Amino acid sequence: MDWQLIVDSFWPLLLGGLRGTIPLTLASFALGLVIALGIALLRLSPNAVLSWIGRAYVSIIRGTPLLVQLFVIFYGLPSIGVTLDPWPSAIIAFSLNVGGYAAEIIRAAILSVPKGQWEAGYTIGMSNVTTLRRIILPQAARVSVPPLSNTFISLVKDTSLASMILVTEMFKEAQRIATFSSEFMTIYIEAALIYWMFCTVLAFAQDRIEKRLDRYVAH
């Protein structure tokens with residue numbers, strides 16, 4: 001094993017993660033959560049048409065590969081006159097994908113809150129929106145943190161697919177170094193370890209967030 005190569009490549013790989021993988025993950029996850037909340041509320045709507053739209057969205061996203069979604073947005077849209085750069089394409093694709101999976105997590109979390117919490121909000125004069133924002137969502141957030149954290153961690157790893165549409169992130173950097181050095185096994189294992197390091201830090205952050213949200217749980 002070429003230890004000097006490992007040392008020399010560590011910083012470029014880490015930098016690729018910090019400049020590419022992490023920002024791409026954060027941007028996609030944040031936008032994905034907004035989409036997920038909207039889809040979850042559609043799924044919970046008493047209006048059959050709105051509920052069907054939410055259900056159809058989830059079905060399409062969960063029923064098609066993420067790589068195909070990336071290719072449709074980056075390589076497919078230009079055929080109908082819509083051309084996007086690699087980074088916006090990746091963020092849109094990852095956000096839409098997160099939205100499909102996280103929507104069901106959020107919907108289940110909202111449904112897990114006792115109906116008495118809604119009634120408590122109405123009793124003190126809150127509207128549906130205010131009750132949802134001030135009482136229901138904070139409690140649902142605590143329930144949804146573990147599965148949403150898993151989605152976030154999975155997204156960190158899924159961003160490696162962005163290299164297929166010319167986005168420069170950690171795995172793209174690993175490919176470049178491996179091709180130049182011909183040490184594919186060494187470089188890819190090193191990249192895997194850095195991904196694992198990122199995910200370990202995120203898992204620690206997840207535990208801290210769960211403890212902070214404990215205050216919102218109804219006992």
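The values are calculated or read from the model by the stated rules, or taken from the named source; none is laboratory data. Predicted model, so just to flag it, every value in this text is computed and none were measured. Note that we place each Cβ from the backbone using ideal geometry, even for glycine, and neighbour counts take in every protein chain shown.
In this structure, is Leu26 surrounded by 15 or more Cβ atoms within 10 Å (Cβ to Cβ), without any contact (Cβ under 8 Å) to a residue 24 or more places away in the chain, part of a helix (DSSP H, G or I) and of a type outside the set (Asp, Glu)?
Working: surrounded by 15 or more Cβ atoms within 10 Å (Cβ to Cβ): no; without any contact (Cβ under 8 Å) to a residue 24 or more places away in the chain: yes; part of a helix (DSSP H, G or I): yes; of a type outside the set (Asp, Glu): yes.
No, not satisfied.
Looking at Phe94, Phe71, can you tell me which residue is in a helix (DSSP H, G or I), touching a residue at least 60 places away in the same chain (Cβ under 8 Å), more than 16 Å from the chain's Cα centre (by Cα) and farther than 24 Å from Arg134 by Cβ? Spell out the reasoning first.
On the way: Phe94 fails: more than 16 Å from the chain's Cα centre (by Cα).
Of Phe94, Phe71, the one residue that is in a helix (DSSP H, G or I), touching a residue at least 60 places away in the same chain (Cβ under 8 Å), more than 16 Å from the chain's Cα centre (by Cα) and farther than 24 Å from Arg134 by Cβ is Phe71.
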Among the candidates Gly125, Gly116, single out the residue that is surrounded by fewer than 14 Cβ atoms within 10 Å (Cβ to Cβ) and either basic (Lys, Arg) or outside any helix (DSSP H, G or I) (or both). Gly125
Counted residues in region 97-113 being of a type in the set (Gly, Ala, Ser) and surrounded by fewer than 16 Cβ atoms within 10 Å (Cβ to Cβ) come to 2
Checking Ala102, Ala56, Ala120 in turn, the sole residue that is touching a residue at least 24 places away in the same chain (Cβ under 8 Å) and either of a type in the set (Gly, Ala, Ser) or on the phi < 0 side of the Ramachandran plot (or both) turns out to be Ala102
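Does Leu161 count as touching a Leu at 6+ places or on another chain (Cβ under 8 Å) and not polar (S, T, N, Q)?
Details: touching a Leu at 6+ places or on another chain (Cβ under 8 Å): yes; not polar (S, T, N, Q): yes.
In short, yes.
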Could you list, ordered by first residue, the pairs with Cβ atoms under 8 Å in which the first is in region 1-18 and of a type in the set (Val, Ile, Thr) and the second is at pLDDT 90 or above, at least 6 apart or interchain? Ile6/Thr186; Ile6/Glu190
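Just to be sure before I move on: is Thr151 modelled with pLDDT of 80 or more, more than 20 Å from the chain's Cα centre (by Cα) and part of a helix (DSSP H, G or I) in the structure I sent? Reasoning before the result, please.
Details: modelled with pLDDT of 80 or more: yes; more than 20 Å from the chain's Cα centre (by Cα): no; part of a helix (DSSP H, G or I): yes.
It is false that Thr151 is modelled with pLDDT of 80 or more, more than 20 Å from the chain's Cα centre (by Cα) and part of a helix (DSSP H, G or I).
Conditions tested, residue by residue: (1) among the hydrophobic types (A, V, I, L, M, F, W, C); (2) surrounded by fewer than 16 Cβ atoms within 10 Å (Cβ to Cβ); (3) in a helix (DSSP H, G or I).
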{"residue": "Ala120", "(1), (2), (3)": "yes, yes, yes"}
{"residue": "Arg133", "(1), (2), (3)": "no, yes, yes"}
{"residue": "Ile136", "(1), (2), (3)": "yes, no, yes"}
{"residue": "Asp158", "(1), (2), (3)": "no, no, yes"}
{"residue": "Ala162", "(1), (2), (3)": "yes, no, yes"}
{"residue": "Val167", "(1), (2), (3)": "yes, no, no"}
{"residue": "Ile177", "(1), (2), (3)": "yes, no, yes"}
{"residue": "Ala203", "(1), (2), (3)": "yes, yes, yes"}
{"residue": "Arg208", "(1), (2), (3)": "no, yes, yes"}
Quickly run through region 35-63 and pick out the residues that are over 19 Å from Leu132 (Cα atoms), part of a helix (DSSP H, G or I) and not basic (Lys, Arg). Ala48, Val49, Trp52, Ile53, Ala56, Tyr57, Val58, Ser59, Ile60, Ile61
